[in-house]
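S.K.: The structure follows.
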Amino acid sequence: MAELTGEHARVAVIGSGFGGLGAAVRLRREGITDFVVLERSGSVGGTWRDNAYPGCACDVPSHLYAFSFAPNPRWPRTFSGQRHIRAYLEHVTDTFGLRPHIRFDCEVRALRWDPGALHWEIDTTRGRLTADMAVSATGPLSAPKVPDIPGLETFPGKVFHSARWDHDYDLRGKRVAVIGTGASAVQIVPSIQPQVQRLTLFQRTPPWVLPRLERRIGGVEQWLHEKVPAAGALRRAVLWGVRELQVGAFTKRPRELGMMEKVALWHLHRAVKDPALRTVLRPGYRIGCKRVLLSNTYYPALARPNVDIVASGLRAVHGSTLTAVDGKRAEVDAIVFATGFHVTDTPIARRTTGARGTTLAEEWQDGMAALRGASAAGFPNFMTIIGPNTNLGNSSMILMIESQLNYLADYVRQLDLHHDGPGDGRGKAALDARPSAVRAYNDRLQERLRRTVWNTGGCDSWYLDAAGRNTTVWPGTTGEFRKATRRVNPAEYEVLRIPAPPGP
Ligand SMILES: Cc1cc2nc3c(=O)[nH]c(=O)nc-3n(C[C@H](O)[C@H](O)[C@H](O)COP(=O)(O)OP(=O)(O)OC[C@H]3O[C@@H](n4cnc5c(N)ncnc54)[C@H](O)[C@@H]3O)c2cc1C
């Protein structure tokens, strides 16, 4: 595999999930071909390559969880499984001719802004390169988080995280502990429960679970979407519109959530007959505070005789004995950590050093903050895709990614407008978000978030950072975010130029 030896790109995109691949398509559409996509793994797909655990699937309907510019009329189910989404992203990569731009097995170890040259110096596992602009599409949920459990190193059995599933390990007949009850656990538990001898679920907080209205998409329907693209577009528009209408309940009218809670409780009562188990599974916070999960199989699996629920977190491991915070114990052969990801302490932030010589992680010590989810002050020509406060509680992240692609396209256009040199580096410009603009934007966001269910619903979730600040969720509709990111507002940025050489 060829090493990168000091090559220069106009744009370096980090990551090849939906965000990175979308950025690549958009740059090509803007007529930019001088860009690279740096991917630490050996294939594209991001989330949908790494999360291959049994039962992994999307919680957003297939026709909405896809790029608007690359509809797939052949989705086989209303909610797609991991395998089909991964295949879709491989297909997008080929259809848009992205492979020549991608450098696989190329992990970005460090990025440093060079204020003298107005470019990023990028150190990767395959060598160095420089780029006028860096786009971090490393994903909000791509660095698995395993809690620091005392004694875990003494465990003699198998241990893995849901995003690093060991498919060579046979769970049949084993005593398995699943740690966590988030989106991944809700899919893993019913998938492995029939195979394992005993399943012990460590539940700190029960999730709200709604029915999953899932079905196969028949051949005639697929044919219709293929032959009449407007039918697919209409379906997407309806799916989008319904979710836009729900946003008010999460942000302004929490009373409306009562109806959803009733449906979820009915769903629980229907599947679980044991009143004691129901009590354990009944959430004690408002629906929506944590991500609402969709499953028809989770509760029935928990009601099976080979499943135990420990209603508290895992405290310690001593050999093959797991001890919960409430003192309950379980002997197991394997531990599956379905404990989520480093969301508010993303590794790329520690690796990115800006104009002031500090890392993004240092700048974000008091909480992540960026202008329009994209630009942090002091990090010129650097953009995050799915950056701070761009996550959604109820709709498709692809909508947010596409909005950020609009912003990226305009950012690059603005750089062109400011370029007033012959093209050999002289006259080059960079854009640095003004601290006052970043502050004003985030103050507005935090004010809006104050009364939302994510902040007030009475739960502890990955939406909140260690200080309890919500730096992850977008507090409006996706349409509002589309509007907010349509164009770069030049007043919000300072234009930087290469400093003139000292006079004679
Ligand atoms: C199990 C699971 C289910 C989900 N379900 C939904 C859902 O139902 N609906 C929804 O809207 N969203 C869902 N999401 C969120 C999902 O992460 C986003 O929708 C979207 O896929 C994120 O795309 P991305 O490109 O930003 O990040 P990712 O898909 O995470 O891609 C990031 C890429 O960056 C690469 N990378 C990271 N660091 C480096 C580095 N230093 N150097 C080089 N490469 C690097 C990674 O290898 C990866 O390929 C789910 C996430 C998970 C984990």
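Rule-based calculations on the coordinates, nothing more; no lab input. Because the structure is predicted, anything quoted here is derived from the model rather than measured. No Cβ is skipped: glycine too gets one built from the backbone with ideal geometry, and neighbour counts run over all protein chains shown.
S.K.: What number comes out for the charge environment of Pro194, summing +1 per Lys or Arg and -1 per Asp or Glu over other residues with Cβ under 12 Å away?
M.R.: Working: positive: Arg172, Arg304; negative: none.
In short, +2.
S.K.: Per residue of the chain, what 222 nm ellipticity follows from adding -39500 (n - 2.57) for every DSSP H run with n ≥ 4, rounded to the nearest 500?
M.R.: Values: 15 runs with 156 residues, N = 504.
Helix contribution divided over all residues of the chain: -9000 deg cm²/dmol.
S.K.: Starting from region 188-270, pick out the trypsin sites (Lys or Arg not before Pro) whose DSSP state is loop and whose Cβ has at most 15 other Cβ atoms within 10 Å. Display every interim value, and only then the final one.
M.R.: On the way: sites: Arg198, Arg204, Arg212, Arg215, Arg216, Lys227, Arg235, Arg236, Arg243, Lys252, Arg255, Lys262, Arg270; in loops: Arg204, Arg212, Arg215, Lys252.
Answer by residue number: Arg215, Lys252.
S.K.: Moving on to the next point. Over its Cα atoms, what ratio of radius of gyration to 2.2 N^0.38 Å does the chain give? Don't skip to the end; give the middle numbers.
M.R.: Values: Rg = 23.7 Å, N = 504, 2.2 N^0.38 = 23.4 Å.
In units of the 2.2 N^0.38 Å rule of thumb, it is 1.01.
S.K.: With Cβ to Cβ distances under 10 Å as the rule, what net charge do the other residues near Asp59 carry (K, R +1; D, E -1)?
M.R.: Taking every other residue near Asp59 into account, the sum is +2.
S.K.: Using Cα positions and a limit of under 17 Å, work out the lysines in reach of Lys174, with same-chain residues fewer than 8 apart set aside.
M.R.: Within the straight-line cut-off, Lys174 pairs with Lys158.
S.K.: Cβ under 12 Å from Glu256's Cβ, Glu256 left aside: what net charge do those residues give with Lys, Arg +1 and Asp, Glu -1?
M.R.: On the way: positive: Lys252, Arg253, Arg255, Lys262, Arg286; negative: Glu261.
After counting each charged neighbour, the total is +4.
S.K.: Now for a different question. Rounded to the nearest 20 debye, what is the charge dipole size of region 150-189 about its Cα centre when +1 sits on each Lys and Arg Cβ and -1 on each Asp and Glu Cβ? Before the final figure, lay out the partial values.
M.R.: Working: 5 positive and 4 negative charges, 28 e Å.
Dipole size: approximately 140 debye.
S.K.: Can you sort Thr154, Thr78, Thr384 from fewest to most other Cβ atoms within 10 Å of each residue's own Cβ? Working shown, then result.
M.R.: Details: Thr154 12, Thr78 17, Thr384 28.
Lowest count first: Thr154, Thr78, Thr384.
S.K.: Once the piece of chain linking Arg255 and Asp123 is laid out straight, how much longer is it, given 0.36 nm per residue of separation minus the C-alpha distance between them?
M.R.: Working: separation 132, 0.36 × 132 = 47.52 nm, distance 5.07 nm.
Here the segment from Arg255 to Asp123 would lengthen by 42.5 nm.
S.K.: Cut-off is 10 Å between beta-carbons; in what order do Trp165, Trp75 appear when sorted fewest neighbours first?
M.R.: On the way: Trp165 18, Trp75 22.
Ascending Cβ contact count within 10 Å gives the list Trp165, Trp75.
S.K.: Region 142-196 to region 281-306: how many Å between their Cα centroids?
M.R.: 18
S.K.: Evaluate the charge dipole of the chain about its Cα centre and quote only its size in Debye, nearest 20, assuming +1 on the Cβ of each Lys and Arg and -1 on the Cβ of each Asp and Glu.
M.R.: Using Cβ point charges on Lys, Arg, Asp and Glu, the chain gives about 1760 debye.
S.K.: Based on DSSP, what percent of beta bridges with both residues in the chain are antiparallel, to the nearest 5? Please list the in-between numbers first.
M.R.: Values: 29 of 69 bridges.
Of all bridge pairs located within the chain, approximately 40 percent are antiparallel.
S.K.: Here's something else I'd like to know. On a 27 Å Cα-Cα criterion, which of the cross-link pairs Lys145/Lys328; Lys262/Lys328; Lys273/Lys328; Lys262/Lys483 come out too long?
M.R.: Distance filter (> 27 Å) returns Lys262/Lys328; Lys262/Lys483.
S.K.: Could you tell me the center-to-center distance, by alpha carbons, between region 373-408 and region 92-129 in angstrom?
M.R.: What the calculation gives is 19 Å, centre to centre.
S.K.: Give me the number: length gained by fully extending Arg439 to Ser191, i.e. 0.36 nm times residue separation minus the C-alpha to C-alpha distance, one decimal in nm.
M.R.: On the way: separation 248, 0.36 × 248 = 89.28 nm, distance 4.54 nm.
Full-extension gain reported as 84.7 nm.
S.K.: Mind listing the lone cysteines of the chain, meaning no other Cys beta-carbon sits under 4.7 Å from theirs?
M.R.: Isolated Cys, the chain: Cys56, Cys58, Cys106.
S.K.: Based on alpha-carbon centroids, what's the gap between region 429-504 and region 32-73 in Å, whole number please?
M.R.: Comparing the Cα centres of region 429-504 and region 32-73, I get a distance of 25 Å.
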